[in-house]
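The values are calculated or read from the model by the stated rules, or taken from the named source; none is laboratory data. Model, not experiment: these values are computed from the prediction. Heads up, the Cβs are rebuilt from the backbone with ideal geometry, glycines too, and the neighbour counts pull from every protein chain shown.
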Amino acid sequence: MISEEQKIEQPLDPKMIGLRPGLEGVPVAHSAICEIDGTKGELRYRGYPINELATQSSFLETTYLLIWGDLPSPQQLKDFEQEVQMHRRVSFRVRDMMKCFPATGHPMDALQSSAASLGLFYSRRAIDNPQYVYDAVVRLIAKIPTMVAAFQLIRKGQDPIQPRDDLAYSANFLYMLTEREPDPLSARIFDRCLILHAEHSLNASTFSARVTASTLTDPYAVVASAVGTLAGPLHGGANEDVIKMLKEIGRPEKASSYLDKAIANKQKIMGFGHREYRVKDPRASILQDLAEELFARFGKDEMYDVAKTLEKEAEGRLGQKGIYPNVDFYSGLVYQKLGIPRDLFTPIFAISRVAGWLAHWREQLGANRIFRPSQIYTGAKSRKWMQADERMSP
Ligand code: ACO
């Protein structure tokens, strides 16, 4: 039994005391990396519209742009691509460590642990040394895909395969994952998916990266903390749940009753809604086009009609609240068509988002102040110590 003295006070009404749950609308950094107009549905990286990047650029070029601020010259891009290619391999020690992970574990947990382990090999915390920063960027961009692909083979009881130097970034990842060289269309579409997921301002995982960066720890810890944050179903993990939901709905004609039931039960529709957008996420529209491109070439996924009907039906029910498909709604259908297992969707998101996290890491270090928000204490004021035999069992 809890005495009056011990009773925990109820939290006060946040609006009355200036508390902003989820930090909604609270600026915590100046940033020149990514701009979102949530009412127009516009997204730009370093001033370049996402549509243009997704059609004209490559993932490594976009990564360079995000992290270093400007598009690379042809020579800078060539050098960067070569450096990344040279650092794709991971130490046998990391691979051996991954072999000890349970095969039933989620690949995001495997990735978080492996990313953190890189700090054991390369940690010098020389973050004020430009060469250390460059090397860390190259290593993380190069090795994260290798680790995702390695865990996929290891959990199937196979040895990871080595990267192939003749293959570009995305083609090489698909090769390491599936043990088959992908056709050029699949590799290009995958590369475009990476561009779309590379950065999105101060979302939960990027905020996590900046908080960790603000302690001046090493970049491997920064990325590992962000991977852990991305894993949750309200963030990157939603793309897995979208496919589960579409399968549960099963047929287009069932979308309407599914929505009615979910809304009545106050259940979130996965892949819908976004703190920043009041219209359809521009990335969702591009991903939908990419899905259609793949279906035209390799045959349609029957779940696509379910998704389209769900989107149409949801507009009448959720549109007035500004809830439309987000980036996670169509990405799973693209990855599924590329033959990627469902629980790798979020690790693939991470492969891409490392670019944004590292851009924010550099920006944070450029004007650092350790994050240390305040709280409004709602616990007991002062309590008298009780010996164990004086305490009542619940
Ligand atoms: N389905 C149904 N209703 C929704 C949805 C949804 N997906 N999202 C928000 N709403 C409703 C809420 O029920 C709430 O309604 P109410 O005001 O009548 O109570 C209102 O919209 C506001 O919802 P919040 O959860 O407060 O909105 P918030 O901005 O905090 O959440 C979030 C954004 C977490 C993305 C939310 O929309 C959600 O949970 N979506 C589903 C999960 C998802 O797809 N996540 C991926 C986001 S993209 C990314 O992280 C990469």
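Overview of results
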| item | result |
| --- | --- |
| Number of positions in region 169-225 that are without any contact (Cβ under 8 Å) to a residue 24 or more places away in the chain and either within 16 Å of the ligand (Cβ to nearest atom) or under 30 Å from residue 25 (Cα atoms) (or both) | 3 |
| Near pairs, Cβ below 8 angstrom, 6+ apart or cross-chain, from region 259-278 (outside the structural domain of residue 244 (by TED's automatic domain parsing) and among the small types (Gly, Ala, Ser)) to any residue that is part of a loop (DSSP other than H, G, I, E, B) and more than 6 Å from the ligand (Cβ to nearest atom) | none |
| Elements of type helices (runs of 4 or more DSSP H) contained in region 182-256, each with 3 or more residues being under 15 Å from the mean Cα position of the chain (by Cα) and not hydrophobic (A, V, I, L, M, F, W, C) | 204-213, 219-230, 238-249 |
| Meets criteria (under 28 Å from residue 287 (Cβ atoms), under 17 Å from the mean Cα position of the chain (by Cα) and not assigned by TED's automatic domain parsing to the domain that holds residue 144) for residue 353 | no |
| Conditions (1) modelled with pLDDT of 95 or more; (2) away from the ligand (no atom under 11 Å from the Cβ); number of the one not met by residue 302 | (1) |
| Hits in region 98-136 - residues which are assigned to a helix (DSSP H, G or I), touching a residue at least 24 places away in the same chain (Cβ under 8 Å) and farther than 20 Å from residue 146 by Cβ | 133 |
| Residue list for region 331-357, restricted to those being among the aromatic types (Phe, Trp, Tyr) and either part of a loop (DSSP other than H, G, I, E, B) or away from the ligand (no atom under 12 Å from the Cβ) (or both) | 335, 357 |
| Test: residue in region 116-134 that is on the phi < 0 side of the Ramachandran plot and under 17 Å from the mean Cα position of the chain (by Cα) | yes |
| Output for region 59-80, where each listed residue is over 20 Å from the mean Cα position of the chain (by Cα), within 21 Å of residue 363 (Cα to Cα) and among the polar types (S, T, N, Q) | 76 |
| Residue count, region 161-181 (criterion: surrounded by 19 or more Cβ atoms within 10 Å (Cβ to Cβ) and in a loop (DSSP other than H, G, I, E, B)) | 1 |
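Let's see how each residue does on (1) of a type in the set (A, V, I, L, M); (2) at pLDDT below 95; (3) in the same structural domain as residue 120 (by TED's automatic domain parsing):
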residue	(1), (2), (3)
24	no, yes, no
48	no, no, yes
58	no, no, yes
62	no, no, yes
69	no, no, yes
81	no, no, yes
84	yes, no, yes
90	yes, no, yes
95	no, no, yes
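Every residue, every condition in (1) of a type outside the set (Phe, Trp, Tyr); (2) within 16 Å of the ligand (Cβ to nearest atom); (3) farther than 16 Å from residue 41 by Cβ; (4) not in a helix (DSSP H, G or I), yes or no:
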| residue | (1), (2), (3), (4) |
| --- | --- |
| 277 | no, yes, no, yes |
| 284 | yes, yes, no, no |
| 289 | yes, no, no, no |
| 311 | yes, yes, no, no |
